[in-house]
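Participant: Take a look at this one; I'll ask things after.
Read the figures in this text as sums done on the coordinates, not as results from a lab. These figures come from a predicted structure and were not determined experimentally. Every residue, glycine among them, receives a Cβ derived from its backbone with ideal geometry; neighbour counts consider all protein chains shown.
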Amino acid sequence: MKEVRGVVRDNTRVAHDTFLLSLDCDLPVSRPGQFVMLQVACGYEPFLRRPFAILGNQARTLEILYKIKGHGTRLLAEKRTGDNVNVLGPLGKGFSVHDGEETIVYMAGGTGLPPILSLAENLRQGILILGVQSKDQIPLLSRISSLPGVELKLATIDGSCGRMGLATDVLDDVVCNVSGSVKIYACGPKGMLLATSECAKRIGAWCEVSLEEFMSCGFGVCTGCVVETTGGNRRVCREGPVFNAQEILF
Amino acid sequence: MKEVRGVVRDNTRVAHDTFLLSLDCDLPVSRPGQFVMLQVACGYEPFLRRPFAILGNQARTLEILYKIKGHGTRLLAEKRTGDNVNVLGPLGKGFSVHDGEETIVYMAGGTGLPPILSLAENLRQGILILGVQSKDQIPLLSRISSLPGVELKLATIDGSCGRMGLATDVLDDVVCNVSGSVKIYACGPKGMLLATSECAKRIGAWCEVSLEEFMSCGFGVCTGCVVETTGGNRRVCREGPVFNAQEILF
Amino acid sequence: MDTRVEIAKGVVLKNPVLSASGTFAYGEEFSEIFDLSLLGGIITKGLSLKPKKGNPCPRVFETTAGMINSIGLENIGVDAFVQEKLPFLGQFYTPVIVNFFGNEEEEYEQVAARLDVDGISALEMNVSCPNVKKGGIEFGKEPDILYSLVSRVRSITRKPLFVKLSPMVKDIREMALAAQEAGADALTCANTIPAMAIDETTWRPVLGNITGGLSGPAIKPVALKLVFDVYQCVNIPVIASGGIATYRDVIQFLLAGASAVEVGSASLRDPMCFISIIEGTAAYMKEHSIESVAELTGKLII
Amino acid sequence: MDTRVEIAKGVVLKNPVLSASGTFAYGEEFSEIFDLSLLGGIITKGLSLKPKKGNPCPRVFETTAGMINSIGLENIGVDAFVQEKLPFLGQFYTPVIVNFFGNEEEEYEQVAARLDVDGISALEMNVSCPNVKKGGIEFGKEPDILYSLVSRVRSITRKPLFVKLSPMVKDIREMALAAQEAGADALTCANTIPAMAIDETTWRPVLGNITGGLSGPAIKPVALKLVFDVYQCVNIPVIASGGIATYRDVIQFLLAGASAVEVGSASLRDPMCFISIIEGTAAYMKEHSIESVAELTGKLII
Ligand SMILES: Cc1cc2nc3c(=O)[nH]c(=O)nc-3n(C[C@H](O)[C@H](O)[C@H](O)COP(=O)(O)OP(=O)(O)OC[C@H]3O[C@@H](n4cnc5c(N)ncnc54)[C@H](O)[C@@H]3O)c2cc1C
Ligand SMILES: Cc1cc2nc3c(=O)[nH]c(=O)nc-3n(C[C@H](O)[C@H](O)[C@H](O)COP(=O)(O)OP(=O)(O)OC[C@H]3O[C@@H](n4cnc5c(N)ncnc54)[C@H](O)[C@@H]3O)c2cc1C
Ligand SMILES: Cc1cc2nc3c(=O)[nH]c(=O)nc-3n(C[C@H](O)[C@H](O)[C@H](O)COP(=O)(O)O)c2cc1C
Ligand SMILES: Cc1cc2nc3c(=O)[nH]c(=O)nc-3n(C[C@H](O)[C@H](O)[C@H](O)COP(=O)(O)O)c2cc1C
Ligand code: FES
Ligand code: FES
């Protein structure tokens, strides 16, 4: 964990309400699933930093893929090339390293895409299931679909692209068709994580989920972001955001 | 008094730390000495509006000449062409109409220039004494010095231009040399207003001063900006900012 | 959909949005920019028996998302109000609620007595004043002192009587109950929070009076809690005050237990905010098919 | 120029800037980004006799220029602290002040007794907890209850004892005097202000615990007034807490009467702010030729 200055190199809309931010920034080495806390305001509006998954962190370039949700992300979208953004990170524990024989299945929903994409870009194997509302909400489609070794499967609620329905519907199909054991990595809405975790349990797959909680500090000092696990309270920002799905008391 | 939307047409530096702001804005007719309250922030930083004298208000264009003092004026200086600035005004009472035979002397110091310049541009006669720290702090010099019917006399503390010393030093000279009676209009630091008022009293001249007080509302409802006068408390924003100098208990 | 609310017997507001005392003067200035008949009601600047000069300047200081004031209750006095200001306010189709205070119980009684005139819908007692006879402790700090004060004023006037509570107390519920038992018709919750500002460049307090009261969005979360606490222990209406600036704030305060709200500091920065708050509240009710304010008051889901 | 300050007998801070309790955990995380030996002192998360799970989530909500928390005092318990965390903190050249609390007087005594070990410079008692034996009223609300509690803890420990006062009381001076008389060595002024937040889209309280405590820049003007009031009535050092985020805030609180300050919420948003606050304070003192903190404490010009 370090506090470093980021300088906006690029901040471009890549889908409906979704932006890709590239910062020139000397962040220490990170792993997929870790995140940063960005200071989006100069003053106190908003008062706290905002958490974002690290999409890329190479060659002194930090990549963040974010969706406009409220005031903080709106301010972020107003940043122009050359503006400063203070960065605290890398934070949390990332996904566990994969070195087995299993088929990897990635599950991504909504703002859950960035950490999953980061992991898939790193592992370069497996099946990536992405669920969104509709086609125009898929960011970086060409980047995702051209990922070497990774097969992309889409699910849209409105059926505008890929299968009509939820990412978890696709998951059920996929796990039926895979021979051998499966390892699942998921990030997205709570409902999706719960369904994914239940599916994993059913088929006896190893499953890691990355959680989102409101974070005031992001580095473990306030215990504002705890989640109940089989081992008691755990700080999402410090012991997570990635957890073994079976430990979470959803 | 109306609340109107202003749209920045131009916002240019015209002297050290001093900017000229032109707003497209449908403000009701105003008179010299009146002012507006500008909403400089979208959120609550700062919370309150900021008061500025009306320099010009013609042809749907509101002109404000302002100096950077703190956070609010810094934000104002960041406004670009096309940005919105909410305007409340015109506020307060302006200078009294001049229709006598007296020689008019205008006294302006620091941020006190705008209302005085507005009055001089309106009356087109008299002697304008402007006191500043040094030459590079004089905004709109060509506009002021080419004012038809108005003679400009400068005083700089560092002697870089005009007479070295205070505006009130120049005033003492001027009133000695004027034949006939004198009418003085002044705006600037309290010390200058006090000295001007005493000079006026000595020579029996009518003297109006425009005061500055911290203003939270600017339209008379909070009584936060009162000044003690011979007639009791008066709200600077409502009964002022222009007062007969002899009524003020400095 | 009906935004009206009866805040005391016979006092019907056309919507739950009132001006707060001390940020609306006596209505004249605001009447220049919008029609005061649009308001749920008007609460005027606090009045004392004699005109009051108030505190030395500076009297106001801006803070992060708020402001501190130490106006010192400057006002024109009750008689001048009744003669010079009340007729003006009578032009508008909205209840006039008069805020008042005293330095001792007798002064409260005397002011209340003089306000027993036509054109005034209700009285709002400011009890955050030092009791000069009791060593300067605020009337609003001790339940028994408050009970005694409110009882005395209650017996003097037949107007609906609102008691505006002080926020900085041990337990606001005690105070609310004392005021209710003494006959208050509604409770305003709450006044400004004692505060101060210091200029580190001059080493002096910023305000001429050294200390003042904090208001504005900064204190909203505190006011919300006070309203929530008071609502649960009384059976008279609660009027919220503290940091209200948007219709969302109104809805939140209604859910916490308020029957109406007062807008103070926010209207200093943005006098037209009354209109957007009133319209926003009505639009919210419409959108959510809420038929009456009562369907919101205290309806927080816990 | 000397930024050191002796906050209690034998407890010398190298500068007047302390971490606040509950926003610094037990120091490990902050130690990853700066050398904790730079701090005036460390105040750790509040400890109870047994580990405590705290309140349901959400536990934190952001407000205008501040935040509300209802962590519910989650902590690892006094024994785990002494065994697992204290040795780590012992590496740094800065006093460790341990914050603690209880649900009844006995628990305070028991925790204090277990903290009578090497490596702890002083204890800070959080008295904003409900007294379960006395119907849940906070210890910090009544002078006699506070006096009794502090006296009992005082007789248990020889460590310097700081009492952290509740802000929401009738008159903080009564509480300050009670704590002083009972033997407190310093007073921390003050804890968070009771507050709440409501989501008007769900009609529910935002926090799992319904209510929480407000902190951050929004409350600074209130904390400044409390410190000012307390300083004038006691003769033990006052430690300020509430909204401190810059060195200018530090100077203002020192002028109001503080001998040291705690930085809480501001360090959640900006963990490195400790460094800029400490450096800024030293630079201010140097620039103004102030030889010692004592030349600032309480030196407000009135
Ligand atoms: C570990 C982690 C990683 C994340 N990574 C990404 C990412 O890579 N890309 C991305 O677009 N978003 C990501 N998010 C979510 C992102 O942090 C929030 O969308 C953002 O903070 C919203 O800020 P705002 O000021 O725009 O919204 P606000 O105005 O604060 O709130 C708008 C809405 O968003 C919710 N929200 C606000 N803050 C958070 C928060 N910290 N966590 C969850 N919900 C919140 C609020 O409850 C509210 O409903 C991540 C969150 C976490 C916890
Ligand atoms: C009737 C009136 C007319 C004015 N006309 C002009 C004008 O035409 N051009 C111009 O440049 N300035 C004018 N001023 C002054 C201008 O309002 C302040 O400089 C401005 O409000 C500072 O805002 P800020 O946020 O930048 O400074 P802040 O950060 O708020 O404060 C910086 C410094 O300015 C002082 N200050 C802040 N607000 C005021 C205020 N309302 N009045 C006086 N001092 C203040 C503060 O005490 C502080 O010392 C006028 C003031 C008044 C009362
Ligand atoms: C400038 C000013 C003057 C005030 N004067 C009075 C007053 O005379 N009587 C009173 O009961 N409250 C007075 N108040 C308190 C307000 O009515 C209101 O209760 C408080 O400011 C909190 O609400 P707000 O955050 O909306 O301002 C005053 C507040 C301000 C800011
Ligand atoms: C997340 C959080 C947790 C806190 N936990 C404690 C605690 O355990 N014990 C305590 O005495 N104060 C606790 N506090 C109060 C702080 O120590 C501090 O007094 C208060 O937040 C005001 O200071 P600030 O505005 O600098 O945050 C906590 C505050 C926050 C924000
Ligand atoms: S956000 Fe503070 S501990 Fe996780
Ligand atoms: S600033 Fe409010 S009355 Fe003048």
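Participant: Which of C:Ser151, C:Ser265, D:Ser166 comes first, and how do the rest follow, when ranked by fewest Cβ neighbours within 10 Å? Walk me through the intermediate numbers first.
Facilitator: Details: C:Ser151 17, C:Ser265 30, D:Ser166 25.
In order of increasing Cβ crowding within 10 Å: C:Ser151, D:Ser166, C:Ser265.
Participant: Given a Förster distance of 45 Å, report the FRET efficiency between B:Asp10 and D:Phe34 from their Cβ-Cβ distance, rounded to the nearest 0.05. Could the numbers behind the result be given before it?
Facilitator: On the way: r = 46 Å, r/R0 = 1.02.
The formula returns an efficiency of 0.45 here.
Participant: Across 10 Å bins from the origin, how do the percents of Cα pairs in the range B:103-247 run, short distances first?
Facilitator: Distribution as computed: 12, 41, 33, 13, 1 percent.
Participant: Loop only per DSSP, at most 14 neighbouring Cβ atoms within 10 Å: give me the trypsin sites (Lys or Arg not before Pro) in the range A:38-115, ordered by residue number. Intermediate results must be reported in sequence, preceding the final value.
Facilitator: Working: sites: A:Arg49, A:Arg60, A:Lys67, A:Lys69, A:Arg74, A:Lys79, A:Arg80, A:Lys93; in loops: A:Arg49, A:Arg60, A:Lys69, A:Lys79, A:Arg80.
Here the trypsin sites (Lys or Arg not before Pro) that fit, given the DSSP loop and packing criteria, are A:Arg60, A:Lys69, A:Arg80.
Participant: What residue among D:Met272, D:Met125, D:Met67 has the largest mean-square fluctuation in a Gaussian network model of chain D, using Cα springs under 10 Å?
Facilitator: D:Met272
Participant: Please pull out the direction-averaged projected area of the range D:1-156, using the convex hull of its alpha-carbon atoms, in nm² to one decimal place. If you can, show how the numbers build up before the last one.
Facilitator: Values: hull surface 44.4 nm².
So the Cα hull casts an average projection of 11.1 nm².
Participant: Kindly state, to the nearest 0.05, the FRET efficiency for D:Lys50 paired with C:Arg152, given R0 = 56 Å and r defined as their beta-carbon distance.
Facilitator: Numbers: r = 52 Å, r/R0 = 0.93.
Approximately 0.60, to the nearest 0.05.
Participant: Report the semi-axes of the equivalent ellipsoid for the range B:161-233 in whole Å, largest first, where each axis is √(5λ) for an eigenvalue λ of the Cα gyration tensor. All intermediate terms of the calculation are to be shown ahead of the outcome.
Facilitator: Working: eigenvalues 164, 48, 17 Å².
Result for the range B:161-233: semi-axes of 29, 15, 9 Å.
Participant: Between the range B:83-158 and the range A:106-176, what's the alpha-carbon centroid distance in Å?
Facilitator: Distance between centres, Cα-based: 67 Å.
Participant: Quick check: the distance between the Cα centres of the range D:132-206 and the range B:196-213, to the nearest angstrom?
Facilitator: The distance from the Cα centre of the range D:132-206 to that of the range B:196-213 comes to 56 Å.
Participant: What fraction, in whole percent, of alpha-carbon pairs in the range A:35-120 exceed 21 Å separation?
Facilitator: On the way: 1349 of 3655 pairs.
In whole percent, the long-distance tail amounts to 37.
Participant: Can you pull the mean other chain C-beta count within 10 Å for peptide D:11-24?
Facilitator: 1
Participant: Still on this structure: How far, in degrees from 0 to 90, does helix B:190-203 lean away from the longest principal axis of the Cα atoms of chain B, to the nearest 10?
Facilitator: The two axes meet at around 30 degrees.
Participant: Can you divide the C-alpha Rg of chain B by 2.2 N^0.38 Å and report the result to two decimal places? Write out the running numbers ahead of the final one.
Facilitator: Working: Rg = 17.4 Å, N = 250, 2.2 N^0.38 = 17.9 Å.
Normalised Cα radius of gyration, chain B: 0.97.
Participant: Ok, one more. Pick from B:Glu45, B:Glu213, B:Glu63 the residue whose mean-square fluctuation is largest in a GNM of chain B, springs joining Cα atoms under 10 Å.
Facilitator: The residue that fluctuates most here is B:Glu45.
Participant: Using a Gaussian network model on chain D with a 10 Å cutoff between Cα atoms, which of D:Thr188, D:Thr44, D:Thr157 fluctuates the most?
Facilitator: In this elastic network of chain D, the residue with the biggest mean-square fluctuation among D:Thr188, D:Thr44, D:Thr157 is D:Thr157.
Participant: How many nm is it between the label spots at C:Asn235 and D:Ile301, if each spot is 7 Å from the Cα in line with the beta carbon?
Facilitator: Inter-label distance under the simple model: 5.9 nm.
Participant: By what distance, in whole Å, do the Cα atoms of the protein assembly as shown stretch along each of the three principal axes, largest value first?
Facilitator: On the principal axes, the protein assembly as shown reaches 107, 69, 66 Å in Cα extent.
Participant: Ok, one more. Using only alpha carbon pairs under 8 Å that are at least six residues apart, calculate the relative contact order of the range D:116-157 and give it in whole percent. Can you show the working numbers first?
Facilitator: On the way: 24 pairs, mean separation 10.8, N = 42.
Value for the range D:116-157: 26 percent.
Participant: Let me ask you something else. Would you order D:Phe81, A:Phe214, A:Phe19, D:Phe24 from fewest to most other beta-carbon atoms within 10 Å of each residue's own beta-carbon?
Facilitator: A:Phe214, A:Phe19, D:Phe81, D:Phe24
Participant: Would you kindly work out, in nm and rounded to one decimal, the distances from the label point of C:Gly136 to those of the same position in each other copy, ordered shortest first, with label points 7 Å along Cα-to-Cβ?
Facilitator: So the distances to the same position in the other copies read 3.7 nm.
Participant: How far, in whole Å, is the nearest Cβ of chain B from the axis relating it by rotation to chain A, and which residue carries it?
Facilitator: Taking Cβ atoms only, the nearest residue and its distance are B:Glu45, 3.
Participant: Still on this structure, please answer the following. Using the eigenvalues of the Cα gyration tensor, what equivalent ellipsoid semi-axes result for the range B:99-189 when each is taken as the square root of five times the eigenvalue, whole Å, largest first?
Facilitator: Values: eigenvalues 79, 46, 23 Å².
The equivalent ellipsoid of the range B:99-189 has semi-axes of 20, 15, 11 Å.
Participant: Same structure again: Shortest first, in nm, what separates the label point of A:Glu102 from those of the same position in the other copies (7 Å along Cα→Cβ)?
Facilitator: The answer, with the shortest distance listed first, is 9.2 nm.
Participant: What ranking do B:Val97, C:Val169, D:Val206, A:Val4 get, fewest neighbouring Cβ atoms within 10 angstrom at the top?
Facilitator: Values: B:Val97 10, C:Val169 24, D:Val206 21, A:Val4 16.
Taking fewest neighbouring Cβ atoms as first place, the list is B:Val97, A:Val4, D:Val206, C:Val169.
Participant: Give me log10 I(q)/I(0) at q = 0.15, 0.16, 0.22 Å⁻¹ for the range A:1-71, Debye formula, one equal scatterer per alpha-carbon, no solvent.
Facilitator: -0.49, -0.56, -1.07
Participant: Just tell me the longest site-free run in chain D, where the sites are trypsin sites (Lys or Arg not before Pro) in a DSSP loop having at most 14 other beta-carbon atoms within 10 Å. If you can, show how the numbers build up before the last one.
Facilitator: Values: sites that count: D:Arg4, D:Lys9, D:Lys53, D:Arg158, D:Lys299.
With a cap of 14 other Cβ atoms within 10 Å, the longest stretch comes to D:159-298.
Participant: Take B:Gln246 and A:Ser145, extend 7 Å from each Cα along the Cα→Cβ direction, and tell me the distance between the two endpoints in nm.
Facilitator: So the label points at B:Gln246 and A:Ser145 sit 8.7 nm apart.
Participant: Can you compute the helix-only [θ] at 222 nm over the protein assembly as shown? Use -39500 (n - 2.57) per DSSP H run of at least 4 residues, normalise by all residues, nearest 500 deg cm²/dmol.
Facilitator: Estimated from H runs of four or more residues: -7000 deg cm²/dmol.
Participant: Report, as an integer, the average count of C-beta atoms from other chains found within 10 Å of each Cβ along D:25-31.
Facilitator: Working: counts 8, 1, 1, 3, 10, 4, 0.
The per-residue average across the peptide is 4.
Participant: Going out from 0 in 10 Å bins, what whole percent of all Cα-Cα distances in chain D drops into each bin?
Facilitator: All Cα pairs considered, the percentages come to 6, 30, 38, 21, 4, 0.
Participant: Quick one: compute the contact order of chain A, relative version, from alpha carbon pairs under 8 angstrom and 6+ residues apart, as a percent. Working shown, then result.
Facilitator: Working: 580 pairs, mean separation 44.9, N = 250.
Relative CO of chain A lands at 18 percent.
Participant: With a point put 7 Å past each Cα toward its Cβ, work out how far C:Ser276 is from A:Asp83 in nm, to one decimal.
Facilitator: Once both label points are built, they end up 2.1 nm from each other.
Participant: Please report the relative contact order for chain C, taking Cα pairs under 8 Å with a sequence separation of at least 6, and give it as a percent rounded to a whole number. Each step should come with its number before you reach the end.
Facilitator: On the way: 706 pairs, mean separation 59.3, N = 302.
For chain C, the relative contact order is 20 percent.
Participant: Could you work out the Rg to Rh ratio of the range C:166-302, with Rh taken as the Kirkwood radius (inverse of the mean 1/r over all Cα pairs)? Write down the numbers at each step before the final one.
Facilitator: Numbers: Rg = 16.6 Å, Rh = 16.0 Å.
A ratio of 1.04.
Participant: Please state, to two decimals, what the Cα-based radius of gyration of the range A:1-146 comes to when divided by 2.2 N^0.38 Å (N = residues).
Facilitator: Details: Rg = 15.1 Å, N = 146, 2.2 N^0.38 = 14.6 Å.
After normalising by residue count via 2.2 N^0.38 Å, the value is 1.03.
Participant: Distances from A:Gln58 to the same residue in each other copy, label points 7 Å out along Cα→Cβ, in nm, shortest first?
Facilitator: 6.4
Participant: Oh, and also: Once you wrap a convex hull around the alpha carbon atoms of the range D:152-220, what is its projected area averaged over all directions, in nm²?
Facilitator: Working: hull surface 26.8 nm².
Averaged projected hull area, Cα only: 6.7 nm².
Participant: What is the diffusion coefficient of the range A:117-163 in µm²/s, taking the Kirkwood radius over Cα pairs and the Stokes-Einstein relation at 10 °C with a viscosity of 1.306 mPa s?
Facilitator: Details: Rh = 10.9 Å.
It comes out at roughly 146 µm²/s.
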